[in-house]
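A quick write-up on the structure given underneath.
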Amino acid sequence: MAGSSFVNRCISETLGGIRDGLSLFSGASRVAIIFAISGIDDLVMYDPQNLLKGYEPKLKNIYLQDHAWRSGISKNVYSHSYNYIEPQQNLKLDGLISCGGSSSTVFYQMWFTEHHPNLCSTGPTECWLEHAVLRLSHDIANDSSLYTGISGSFLREYALHAVRDYIIDKVNRTFGLDYHIRIYPVLDAVLSISKTNEEGARPFGKLTFVEPRFLDTITYLAHFKGSERPPLNNFKHVRKLLQAVEHSDHTLISDGKSILGIGRNILAEFHITVDFQGKFGFLTAGGEKICSFQDGSYSSNTHRAKLFEVEEALLDFNMETSSRNDLFRIVAKLVHNAGDKIFGCTFVLDLAENPADTAGQSLTPPLDLREREKLTLAGALSKVDGALHIRSDLHLYSFACLLDGHRIKGENRARGARYNSALRFTAQYPETIVVVVSADRPVSIFRGGKEIQSGYSGDESLHCNLFPLPLKEWVQEG
C-alpha cells in the first residue's frame, strides 16, 4: 500500500495543494511528509524540494535510532474511524513547522513546512498542516474507487479557514464551546471593510469584537442607540465610522452583528481586534497577532522587515562587534521609519577603506548616526530622491545620491530604478551593501551585483514530482 500509485497520487496532490496555499499565505514555501500507512510499514518520506535537507541527523535520531514515535501511538487507534486523529508530538525542529497524527487508515504521518522569519503567528500554518492530516486520512480511507482529488484544491484555498480554525482553537481554550460570535462573518466583514474606500482613502483605525456576555464590562465613550446601530455587513457605514477612531487609542466596538459604539482599548477577557492601517491591517485575537490582510486576502506577513540578510552580510566584513551591531541597529531604524511612513528610499552601507564615488549632497561635517536626533534627521533626509551614503564609522556623509554603474546581467526592468541601480552599483563597488525600501514595504538587499535572499526563494520548479523514498535510504544518502 505504501508504495502504491494511489497513495502516491493522494500525497502528491495533497502536498501540492498545501505548498501552493502556503506560498500565497506566507511566501514561497516547501512542504514534506514522513509517513507509514500501516503499523508494520517502514517510514517513507516525500520531500520534492529538499525542505528537510540538513536535518538528516535529527530525523535519524528521532525515527531510526529511537522508536518512541511508534510506541507513542495508542494500540486502539485502529478501532476508531478515519475521522479520529490521534495527534502526534510536534518535532520542534529549528526553522520548521511540523504537525502530525495517526488514524485507522494512516498509522503515522508528519507534515513539515518552513518557519518563515516574518510570520505573525505559526498558529494558522499549524492548523493548515493539521487539516492535511485529516484530509489524507480521509482520502486513503476512500480508496481509489471513491477518491475525488479534492483535497489538494481545498488545501490550496485554506487561508481563511486556517485563520478561523486557529481563532476557534483559542476561543475553545478560553470558553469551551460557549462562544456566540460567528468567526466566518467577522473575517469576511474585515476583508470587505478593508477594500472600501472613503473619499479615495483606505481605512485606518481599530474595530474590536467583544463576546456579548462581556459587553457590560466595556466603558463606552459613545454608546449608540439600539435601533440605530449600524449592522456589521453595512461595510460602507462601518468604513465611515472608522474615521472617528483613526490615528487614536479609541476603537469601534461590535458584538459581531452590529457596531455598538466607541470605546478605548479593550480589556475584556477575550476579544478580537482588527487594526486597519490603510492598504493592509492586522487581526489580533486573545492578545496574539494572528495574521495580516491586504488586497482582499489574509496573510501571515508581519509587513515589517526583519533584515536577516543585512545582519548576515555584515558578518563578512572586518568590523568590531559593537560597530557592526550599531550599524545594524541604525539600518533597522531607518528601514522601519520608511516602512511605517510608507515611502521608498535607498541606503548605501559603504564598508570599504576608500569611499565609493556617489553623486549627492555632501554633509560637512558628516552626521553621527549614533546620536538619536541625527538619526531622526537621517530618516527625514531619506525621503529625498536618491540614496543615503553611510560609512563604516556610522556617519552619514551625503544624501540624495545617484547610484551609477554599468549594465550587468540579472537586471529586471519590472523592478524599477532603485532595484536596478542597486544591482549596478554593488557590482561596481563590491564592498558596499545597498538596502532598498519600496513604498509598499518590501525590502531588498544587494551585494556584489546580486540581490541577497535568505531561505527558499521559490526559484525552483513549482511542479511537484514525487518519488517515494524509504527514510532509511534518504538518511544514508544525506
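The values are calculated or read from the model by the stated rules, or taken from the named source; none is laboratory data. Everything numeric in this text was worked out from a predicted model, so none of it was measured. Neighbour counts run over all protein chains shown; Cβ positions are idealised from the backbone, glycine included.
Output the residues belonging to the stretch 398-439 that are among the acidic types (Asp, Glu) and either crowded, with 20+ Cβ neighbours inside 10 Å or more than 28 Å from LYS374 (Cβ to Cβ) (or both).
Quick first cut of the stretch 398-439, residues among the acidic types (Asp, Glu) only: 404, 411, 431.
The one that is among the acidic types (Asp, Glu) and either crowded, with 20+ Cβ neighbours inside 10 Å or more than 28 Å from LYS374 (Cβ to Cβ) (or both): GLU411.
Only residues that are hydrophobic (A, V, I, L, M, F, W, C), out of contact with any helix residue (DSSP H, G or I) (no Cβ under 6 Å at 6 or more places or on another chain) and part of a loop (DSSP other than H, G, I, E, B) were counted across the stretch 32-84, and they come to 5. Considering only residues in the stretch 288-314 that are part of a loop (DSSP other than H, G, I, E, B) and in contact with a Gly (Cβ under 7 Å, 6 or more places away or on another chain), the one that is surrounded by the most Cβ atoms within 10 Å (Cβ to Cβ) turns out to be ALA305. The lone criterion from (1) in contact with a strand residue (DSSP E or B) (Cβ under 9 Å, 6 or more places away or on another chain); (2) modelled with pLDDT of 85 or more left unmet by SER297 is number (1). Filtered by the rule that a residue be among the aliphatic types (A, V, I, L, M) and either assigned to a strand (DSSP E or B) or more than 15 Å from VAL436 (Cα to Cα) (or both), the stretch 382-398 gives ALA387, LEU388, ILE390, LEU394, LEU396. Candidates are the residues of the stretch 69-104 that are farther than 11 Å from VAL133 by Cα and among the β-branched types (Val, Ile, Thr); the one that is surrounded by the most Cβ atoms within 10 Å (Cβ to Cβ) is ILE97. When you look at GLY123, is it crowded, with 21+ Cβ neighbours inside 10 Å and in contact (Cβ under 8 Å) with a residue 12 or more places away in the chain, yes or no? Criteria met by GLY123.
Table: residues versus (1) of a type in the set (A, V, I, L, M); (2) in a strand (DSSP E or B); (3) modelled with pLDDT of 90 or more; (4) within 22 Å of PRO212 (Cβ to Cβ).
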| site | (1), (2), (3), (4) |
| --- | --- |
| LEU260 | yes, yes, yes, yes |
| GLY263 | no, yes, yes, yes |
| THR273 | no, yes, yes, yes |
| PHE276 | no, yes, yes, no |
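Find the residue count for the stretch 320-334, including only residues that are in a helix (DSSP H, G or I) and farther than 12 Å from ALA378 by Cβ.
We begin by selecting, within the stretch 320-334, every residue in a helix (DSSP H, G or I); these are 321-334.
Now drop any that are not farther than 12 Å from ALA378 by Cβ, which leaves 321-329, 332.
Summing the residues that are in a helix (DSSP H, G or I) and farther than 12 Å from ALA378 by Cβ in the stretch 320-334 gives 10.
For the stretch 212-232, the criterion of being among the aliphatic types (A, V, I, L, M), buried (at least 18 other Cβ atoms within 10 Å of the Cβ), at pLDDT 90 or above and in the same structural domain as GLY286 (by TED's automatic domain parsing) is met by at least one residue. Scanning the stretch 308-326 for residues that are in contact with a strand residue (DSSP E or B) (Cβ under 7 Å, 6 or more places away or on another chain) and of a type outside the set (Val, Ile, Thr) turns up GLU309, ALA313.
Evaluated against (1) assigned to a helix (DSSP H, G or I); (2) surrounded by 15 or more Cβ atoms within 10 Å (Cβ to Cβ); (3) touching a residue at least 24 places away in the same chain (Cβ under 8 Å), PHE317 falls short on exactly one condition, (1). Six or more apart or on different chains, Cβ atoms under 8 Å: show the pairs whose first residue is in the stretch 142-157 and closer than 22 Å to SER104 by Cβ and in contact (Cβ under 8 Å) with a residue 40 or more places away in the chain and whose second is among the polar types (S, T, N, Q) and surrounded by 15 or more Cβ atoms within 10 Å (Cβ to Cβ). Listed by first residue and then by second, the contacts come to SER151/THR14; LEU155/THR14.
Of ASP165, ASP143, which residue is out of contact with any strand residue (DSSP E or B) (no Cβ under 6 Å at 6 or more places or on another chain), surrounded by fewer than 24 Cβ atoms within 10 Å (Cβ to Cβ) and outside the structural domain of ARG19 (by TED's automatic domain parsing)?
ASP165
Among ARG173, ARG164, ARG135, which is the only one that is over 26 Å from ILE11 (Cα atoms), part of a helix (DSSP H, G or I) and charged (D, E, K, R)? Don't jump to the end; show me each part of the working.
Details: ARG164 fails: over 26 Å from ILE11 (Cα atoms); ARG135 fails: over 26 Å from ILE11 (Cα atoms).
Exactly one of ARG173, ARG164, ARG135 is over 26 Å from ILE11 (Cα atoms), part of a helix (DSSP H, G or I) and charged (D, E, K, R), namely ARG173.
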